[in-house]
1. So for the stretch 106-203, averaging the separation of alpha carbon pairs under 8 Å that are six or more residues apart and normalising by length, what relative contact order in percent results?
2. What nm distance separates the two modelled labels at GLU48 and ALA260, each placed 7 Å from Cα along Cα→Cβ?
3. With no solvent and one equal point scatterer per Cα, compute the Debye intensity ratio I(q)/I(0) for the chain at 0.07, 0.13 Å⁻¹ and report its log10, rounded to two decimals.
4. Can you list, largest first and rounded to whole Å, the semi-axes you get for the stretch 154-300 by taking the square root of 5 times each eigenvalue of its Cα gyration tensor?
5. Can you check what the net charge comes to around ALA285, using other residues whose Cβ is under 13 Å from the Cβ of ALA285 (Lys, Arg +1; Asp, Glu -1)?
6. Quick one: 3J(HN,Hα) in Hz for the stretch 167-172, Karplus 6.51/-1.76/1.60 with θ = phi - 60°, rounded, Gly and Pro as x.
7. Taking loop as defined by DSSP and a crowding limit of 13 other beta carbons within 10 Å, which GluC sites (Glu not before Pro) in the stretch 31-140 fit?
8. Give the lysines whose C-alpha is closer than 20 Å to that of LYS259, dropping any in the same chain fewer than 8 places away, or say none.
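Computed from the coordinates by the stated procedures, all read-outs in this text should not be read as laboratory data. Being a predicted model, the structure only gives us computed values, none of them experimental. Here the Cβ positions follow ideal geometry from the backbone for every residue, glycine too, while neighbour counts run over all protein chains shown.
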Amino acid sequence: MNVVYSPRYEIALPGHIWPTSKYRLIAEALRSDGPGASAAGPPFTFAEPVPASWDDLALVHTADYLRKLRESTMTAEDIATLELPWVPALADAFRLMAGGTIDAVGAALDAGAAAHLGGGLHHAFANHGEGFCPLNDVAVAIRVLQRPSTRVARSRQAPIRRAAIVDLDVHHGNGTAMIFERDASVFTCSMHQQHNYPLFKPRGDLDIGLEDGVRDDRYLSLLAGALPRVIDSGPDVIVYLAGADPFEGDRLGGLGLTKAGLAERDRLVVAAARAAGVPLATVLAGGYAADVADTVDIHVATIRAMVA
């Protein structure tokens, strides 16, 4: 299975809660062992992403906002809403990550499954960034692969007609929901902690707002009931945001899932896509455990579930 990753994802964010070292640590773990490992190595082929072009980004984001990113003219208010210590180099870093999601979705269309060790920047709106998310990589990837003139290098199967997004980060995917609010070609499903960031939660096609402290059994029961609706939407591809932050030890979450529960979550998503014959592209989204090793364990288990 193709795994898209770049060491340039380890962005320096001194004092920030986002552990960007997780990307490198996940890649190291997947390269060292895993299901199907043999003398030839683990069952993953690593690929360096191609940055999203400014034209790619313009399929989702407004010209004024992209100009701010390109020319580094973000206002103090923009930066406060984004909640990142913004420096000009971050624009290219996030263009690279957006390109990684485009590549992963394209690879999934061609091979049935692929993963991106990055992405899931679901709080970015068309005209601004929020909550650590300057660019909405998933929305950009879907728009690129819906485009009739999309680059052949991205996927032999493009263009696609319909897509579905299964967002299982602990936080509602507000930017994604707003971008696709009036678009019947993209089915958005978000299962999240209701009383958590963001305050404004635009309506998606299927929103499941969970009470604080939800444990494994209730979470998995609700997810099992939701996945048939995703499949029934008739997607050509499913993009899965496999956040590690529903974990009971996450600093920005308030749900109570165990690592075993999160592994079963992943199994349910993978099994639903396989049974329906729908390609699955997985991106990582959030994860902020007090010990980064817990976040890494959860993400590694997600990628391994895709080849189990």
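1. It comes to 25 percent, rounded to a whole number.
2. Spacing of the two 7 Å Cα→Cβ label points: 4.3 nm.
3. Debye curve over Cα of the chain, log10 I(q)/I(0) at q = 0.07, 0.13 Å⁻¹: -0.23, -0.85.
4. Taking √(5λ) for each Cα gyration eigenvalue gives 24, 17, 14 Å.
5. With Lys, Arg at +1 and Asp, Glu at -1, the net is -4.
6. Going residue by residue, I get 9, 10, 5, 5, 9, 4 Hz, with x marking Gly and Pro.
7. none
8. LYS22
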